[in-house]
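First the structure, in the form of structure tokens, and then the observations on it.
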Amino acid sequence: MNRAELVEVIADNAEVTKAAAERALVALLDAITSSLKKDEPVVLVNFGTFVVKQRAARKGRNPQTGQEIKIKAAKVVGFKAGKALKEAVKEETKASST
């Protein structure tokens, strides 16, 4: 699903215009981004948790030359699915395999 399709689903389910759904989506994404920039986790009960993790510096290889390179430490976003989301996906997987 891409952004336009997501906006359409939100608009249909919330019975609002696509423009209002787009504004709501932008507001949600901005709020999540803002919180993560402050290293604050975003917990959406029954959906999941977004957190900022610190990835340590490490050695890597340039795939073209094979030369060893240093990869700097970095902050990355992690997501852990909540119980309800895991169950929903698991149920869908079971239904499609039978």
Open item on the list: When you check K18 against the structure, is it out of contact with any helix residue (DSSP H, G or I) (no Cβ under 7 Å at 6 or more places or on another chain) and among the charged types (D, E, K, R), yes or no?
Closed with: no
Open item on the list: Here are the criteria: (1) open to solvent by 60 Å² or more (accessible area, probe 1.4 Å); (2) polar (S, T, N, Q); (3) more than 17 Å from the chain's Cα centre (by Cα). Tell me which single one N46 does not satisfy.
Closed with: (3)
- [ ] Give the residue that is nearest to L6 (Cα to Cα), with candidates limited to residues of the stretch 23-79 that are out of contact with any strand residue (DSSP E or B) (no Cβ under 9 Å at 6 or more places or on another chain) and of a type in the set (S, T, Y).
- [x] T33
- [ ] Starting from the stretch 1-19, keep only residues that are at negative phi, then list their pairs with residues that are loosely packed, with under 13 Cβ neighbours inside 10 Å whose Cβ atoms are within a distance under 7 Å, requiring at least 6 positions of separation or different chains.
- [x] A11/T17
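Here's the yes/no breakdown for (1) in contact with a Cys (Cβ under 9 Å, 6 or more places away or on another chain); (2) surrounded by fewer than 10 Cβ atoms within 10 Å (Cβ to Cβ); (3) without any contact (Cβ under 8 Å) to a residue 40 or more places away in the chain; (4) more than 18 Å from L29 (Cα to Cα):
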| site | (1), (2), (3), (4) |
| --- | --- |
| V51 | no, no, yes, no |
| R61 | no, no, yes, yes |
| G66 | no, yes, yes, yes |
| K70 | no, yes, yes, yes |
| A81 | no, no, yes, no |
| A84 | no, no, yes, yes |
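The values are calculated or read from the model by the stated rules, or taken from the named source; none is laboratory data. These figures come from a predicted structure and were not determined experimentally. No Cβ is skipped: glycine too gets one built from the backbone with ideal geometry, and neighbour counts run over all protein chains shown. Ligands, DNA and RNA are excluded from the accessible area calculation, which covers all protein heavy atoms including side chains. Shrake-Rupley method; radii C 1.70, N 1.55, O 1.52, S 1.80 Å.
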